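A quick write-up on the structure given underneath.
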Amino acid sequence: MDYEDIKKRLKIITENPVKGIPEEEMAKVRKKIAEKAPKSKEIYDEIKDLIPGGTQHQLVIKDPFALTMKKNLGTKMWDIDGNEYIDYLMSAGACILGHSYPPLREEMQKLLDDLDPNTYWNTEWELKALKLLRKHVPSVEKVTYFQSGTEADMAALRIARVFTGNEKIIKFSGSYHGWSDQLMTDIHIPYSGTMEADGIPRGCYKDIVNVPPADINALEEALEKYTQKRAGVAAVLVEPFGAESGSIPVPPDFNKQIKELCDKYDVLLIFDEVVTGFRMSLGGAQEYLGVIPDLTVFGKILTHGYPSTGAVGGRSEILDVCTGDVETGGKHAFIGGTIRGNPLSIAATYWTIKLIEESNAIEKAAKAGDDLVKKLNNLFEDHDRPYFAYNYKSCIHYETYSPVAMDIRDAENIPKAVFRKKCVDDIATVLLSEGIITKYGNRAFTCMQHTPEENDKFVEAFEKVLNMIPKY
Ligand SMILES: Cc1ncc(COP(=O)(O)O)c(C=O)c1O
């Protein structure tokens, strides 16, 4: 589905009133989950007093309670009560080979016979992994590891600032680049400002400039404005497929235009490929789109979820500011982290890339994504709903209530967006009750092992959702 079509369809969804799943239906769904998963419920009742919010992750479905998982393999997860689920969350996108993929697991087990994560020194895995990464990712000459995507994004900004001597960073409203203090404005929901920034001193984000999503003119205006000032622009930070791997899509040539502007105003381009890295291609979104950034941020699939997963790659002259070489005028981007680049992470990178190469995982996962999207769109059409699905390879979006597309600059839209968000969450709960795990109720990730039959089960479960939503 092309960009204009997505925009047109989103407009229809956002401009019309919606109805959610009635509460009495949701009560039945919750009862079903509680009956199926009594041990999970018992654990959750205790654990919620030990973990703030009851889980470590925001994407875990907590309505009516968070399940306790016991085992995973391939596309499946099993909870502690023995219920089986088809997983379309895939560890928030970190998993493309499939859970506990035996060839990867075996290599990791072998590694641990020799080296534990507390090694601290270089190992041969650095050479092997980083050569492989460099072979595939066009922008990468040097790489340095971090403990998460959040840390890597944070480090990329510091590196860009030291290299350029400038302070401002421009990013797109709605994008998520981890939860470091300075990057917590306008996250997820465009124009949400400091909604998620409690506890962060205002000064932390004074050098972050948010521009409206998918708006190239606004980017140029910001570049024009801030490159004139003393604290000029160090970099433009971009999720290449738009916020949240395409939840807020961008026009086809958008990244090329960004790159041209970055060159024109002499600022660095940073691609945040924490999700797109190894989902669009082994060379990331940059290879897929033919746009070479100055710095690339990696995470998630970089180590296939093995801890700790995050890295910044880019041109040598830029990365070298981490060492404080004389060429940078003694300026030095300090980076640290006791377990960053530990043997487990680096060997996991090597084996993940190698196994993706050997298995053609990216294209297989994309094929599963195409199949799911086609089937969902057929279902929506059969049910005469304005809903629609689209995908960027194995990143799948299905739009029903589209809360994120509501323009909350109009205050009247705020309660509407909140209500729509609840409707989407309810979809996730119903799908869960049918044995399907998703990212909220509007996104999915496929791995190379998802089958057409599993996608059929997803669609059957979705049909149950549709049957619960009153016509409007
Ligand atoms: C685009 C993007 N950047 C950065 C991050 C942060 O990565 P991490 O969760 O490893 O800190 C995420 C996490 O979802 C992400 O999607």
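Looking at region 38-61, can you tell me whether even one residue there is touching a residue at least 40 places away in the same chain (Cβ under 8 Å), assigned to a loop (DSSP other than H, G, I, E, B) and closer than 30 Å to residue 178 by Cβ? Looking for residues that are touching a residue at least 40 places away in the same chain (Cβ under 8 Å), assigned to a loop (DSSP other than H, G, I, E, B) and closer than 30 Å to residue 178 by Cβ, one finds at least one in region 38-61, hence yes. Of all residue pairs spaced 6 or more apart or on separate chains, those with beta-carbon atoms under 9 Å, a first member in region 126-151 that is closer than 20 Å to residue 288 by Cα and a second member that is modelled with pLDDT under 95 and within 16 Å of the ligand (Cβ to nearest atom) are 136/278; 137/277. Among the residues of region 168-177, are any under 20 Å from residue 248 (Cα atoms), within 15 Å of the ligand (Cβ to nearest atom) and surrounded by fewer than 18 Cβ atoms within 10 Å (Cβ to Cβ)? No. Counting the residues of region 152-162 that are touching a residue at least 60 places away in the same chain (Cβ under 8 Å) and surrounded by fewer than 24 Cβ atoms within 10 Å (Cβ to Cβ) gives 3. Examine region 332-342 for a residue that is aromatic (Phe, Trp, Tyr) and at pLDDT below 95, and state whether such a residue exists. Yes, region 332-342 has at least one match.
With the requirement that a residue be surrounded by 20 or more Cβ atoms within 10 Å (Cβ to Cβ), under 27 Å from residue 162 (Cβ atoms) and either within 21 Å of the chain's Cα centre (by Cα) or at pLDDT 95 or above (or both), what does region 210-226 give you? 210, 211, 219, 222, 223, listed by residue number. Here are the criteria: (1) under 19 Å from residue 374 (Cα atoms); (2) in contact with a helix residue (DSSP H, G or I) (Cβ under 9 Å, 6 or more places away or on another chain). Tell me which single one residue 453 does not satisfy. With (1) under 19 Å from residue 374 (Cα atoms); (2) in contact with a helix residue (DSSP H, G or I) (Cβ under 9 Å, 6 or more places away or on another chain) applied to residue 453, the lone miss is (2).
The residues of region 403-422 that are basic (Lys, Arg) and without any contact (Cβ under 8 Å) to a residue 40 or more places away in the chain, listed by number, are 416, 421. Filtered by the rule that a residue be in a loop (DSSP other than H, G, I, E, B), surrounded by fewer than 20 Cβ atoms within 10 Å (Cβ to Cβ) and modelled with pLDDT of 90 or more, region 307-331 gives 307, 315. Taking residue 133, is it part of a helix (DSSP H, G or I) and within 22 Å of the chain's Cα centre (by Cα)? The answer is yes for residue 133. So, residue 126, is that one outside any loop (DSSP other than H, G, I, E, B), acidic (Asp, Glu) and away from the ligand (no atom under 16 Å from the Cβ) or not? The answer is yes for residue 126.
Residue 448 falls short on exactly one of the conditions (1) over 23 Å from the mean Cα position of the chain (by Cα); (2) farther than 26 Å from residue 188 by Cα, and that condition is (1). When 224, 196 are checked against the criterion of being of a type in the set (D, E, K, R) and under 24 Å from residue 406 (Cα atoms), a single residue qualifies: 196.
Only one entry of 229, 206, 168 meets the criterion of being in the same structural domain as residue 335 (by TED's automatic domain parsing), at pLDDT 95 or above and of a type outside the set (Ser, Thr, Tyr), and that entry is 168. Going through (1) basic (Lys, Arg); (2) crowded, with 24+ Cβ neighbours inside 10 Å; (3) out of contact with any Gly (no Cβ under 6 Å at 6 or more places or on another chain) one by one, residue 264 falls short only on (2).
Here residue 139 meets each of (1) in the same structural domain as residue 425 (by TED's automatic domain parsing); (2) among the hydroxyl-bearing types (Ser, Thr, Tyr); (3) more than 16 Å from the ligand (Cβ to nearest atom) with one exception, condition (1). Looking at the structure I just gave you, is residue 278 on the phi > 0 side of the Ramachandran plot and in contact (Cβ under 8 Å) with a residue 40 or more places away in the chain? Yes. Take region 62-91 and flag every residue that is in contact with a helix residue (DSSP H, G or I) (Cβ under 6 Å, 6 or more places away or on another chain) and in a strand (DSSP E or B). If the condition is that a residue be in contact with a helix residue (DSSP H, G or I) (Cβ under 6 Å, 6 or more places away or on another chain) and in a strand (DSSP E or B), then 79, 86 are the ones that fit. Over 27 Å from residue 413 (Cα atoms) and either within 15 Å of the ligand (Cβ to nearest atom) or assigned to a strand (DSSP E or B) (or both): does that describe residue 159? Answer is no for this residue. I need the full set of residues from region 276-306 which are part of a loop (DSSP other than H, G, I, E, B) and more than 10 Å from the ligand (Cβ to nearest atom), in order please. Of everything in region 276-306, those that are part of a loop (DSSP other than H, G, I, E, B) and more than 10 Å from the ligand (Cβ to nearest atom) turn out to be 278, 279, 280, 282, 283, 290, 291, 292, 293, 294, 304, 306. Annotation: residue 146 fulfils all but one of (1) closer than 30 Å to residue 406 by Cα; (2) within 16 Å of the ligand (Cβ to nearest atom); the unmet one is (1). Restricting region 178-201 to residues that are of a type in the set (S, T, N, Q) and more than 16 Å from the ligand (Cβ to nearest atom), the residue that is surrounded by the most Cβ atoms within 10 Å (Cβ to Cβ) is 192.
Okay, residues lined up against (1) acidic (Asp, Glu); (2) assigned to a helix (DSSP H, G or I); (3) crowded, with 24+ Cβ neighbours inside 10 Å:
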residue: 423; (1), (2), (3): no, yes, no
residue: 426; (1), (2), (3): yes, yes, no
residue: 431; (1), (2), (3): no, yes, yes
residue: 444; (1), (2), (3): no, no, yes
residue: 448; (1), (2), (3): no, no, yes
residue: 454; (1), (2), (3): yes, yes, no
residue: 457; (1), (2), (3): no, yes, no
residue: 462; (1), (2), (3): no, yes, yes
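In region 169-186, the residues that are more than 14 Å from residue 156 (Cβ to Cβ) and of a type in the set (Val, Ile, Thr) form Cβ pairs under 9 Å with partners that are more than 9 Å from the ligand (Cβ to nearest atom) and modelled with pLDDT of 95 or more, at six or more places apart or across chains, as follows: 185/171; 185/173; 185/200; 185/208; 185/210.
The values are calculated or read from the model by the stated rules, or taken from the named source; none is laboratory data. All of these numbers come straight from a predicted model, not from anything done at the bench. Positions of Cβ are backbone-derived with ideal geometry, glycine not excepted, and every protein chain shown enters the neighbour counts.
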